[in-house]
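> The following block contains the structure, expressed as structure tokens.
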Amino acid sequence: MPRISRENSKAITKTYHILLRGINKQDIFLDNQDKSKFLKEIKETKQEFGCAVYAYVIMNNHIHIVLFDQNDNISNIVHKWCTKYGLYFNKKYNRVGHVFQNRFKSICVDTEEYLKKLVRYIHRNPEKDGICKMEKYPWSSYREYIYKENLVDTNLVLKLFDEDKERAKNLYIEFCEGAEDKYSDAEFELENNLNDEEALDCIKRILKVEINTILNCNLKKRDEYIYAMTKIKGIRVKQIIRNRRICNL
């Protein structure tokens, strides 16, 4: 698996953060058998399409997956997951209609630092939702990172911490248990995102400030503006921090 270039954050990594959510945000995993069924579909598509999974978590009404799709089959892969699981779910619960909400959400993972924080965010989902500690949750890849691989390829992420695997595991545990930066959670939300032009317009209209004003103010004031931007529905922190068209930071 290729390492993501630190020098070129615009490199085509073929690595994606994928979000699938239940229709109308309804629960679509009602018991452990349902979660096991979806994991089975992921395993089968891995073999069929030659992709890799770097992290996942299955919650009751949504799934986060980090997928490496070398052959540009992401649409076919996700379509297969949704179709096969949808047929299973409707038959089991005697229902008809869509199981998943609209088209899946995805965003390219373009730097190593982003990948590290994203995997941490995914593994922390059970804690964020008040279910249990991440090491106690059986439906994520966290324990594969700490104990033994099954579905996911942990090598790429662990090597970002250390070349020695055991030391890397310990450092990853510390990283997951440590404090997050103040923008971390918002950075990985994929729903209702605006494109860059829409984001610019919203910043100017809602905050009543020109981008040049933000660029030329002191660091403390700029941080205040950035924090205010994170409160605008649809703007990703990744856009704010990394996209020079918005903040040139």
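> Just to be sure, is Ile173 modelled with pLDDT of 85 or more and among the β-branched types (Val, Ile, Thr)? Reasoning before the result, please.
Values: modelled with pLDDT of 85 or more: yes; among the β-branched types (Val, Ile, Thr): yes.
It is true that Ile173 is modelled with pLDDT of 85 or more and among the β-branched types (Val, Ile, Thr).
> Looking only at region 124-139, decide whether some residue is assigned to a helix (DSSP H, G or I), in contact with an Asp or Glu (Cβ under 7 Å, 6 or more places away or on another chain) and buried (at least 16 other Cβ atoms within 10 Å of the Cβ). Working first, answer last.
Of the residues in region 124-139, the ones assigned to a helix (DSSP H, G or I) are 125-128, 134-136.
Next, only the ones that are in contact with an Asp or Glu (Cβ under 7 Å, 6 or more places away or on another chain) stay: 134.
Among the residues that remain, those that are also buried (at least 16 other Cβ atoms within 10 Å of the Cβ) are: 134.
Within region 124-139 (the criterion being assigned to a helix (DSSP H, G or I), in contact with an Asp or Glu (Cβ under 7 Å, 6 or more places away or on another chain) and buried (at least 16 other Cβ atoms within 10 Å of the Cβ)), the answer is yes, since at least one residue qualifies.
> State whether one or more residues within region 212-234 are surrounded by 12 or more Cβ atoms within 10 Å (Cβ to Cβ), at pLDDT 70 or above and not in a helix (DSSP H, G or I).
yes
The values are calculated or read from the model by the stated rules, or taken from the named source; none is laboratory data. Computed from a prediction, not measured in an experiment: that's the story for all the values here. All Cβ positions, glycine included, derive from the backbone under ideal geometry; neighbour counts span all protein chains shown.
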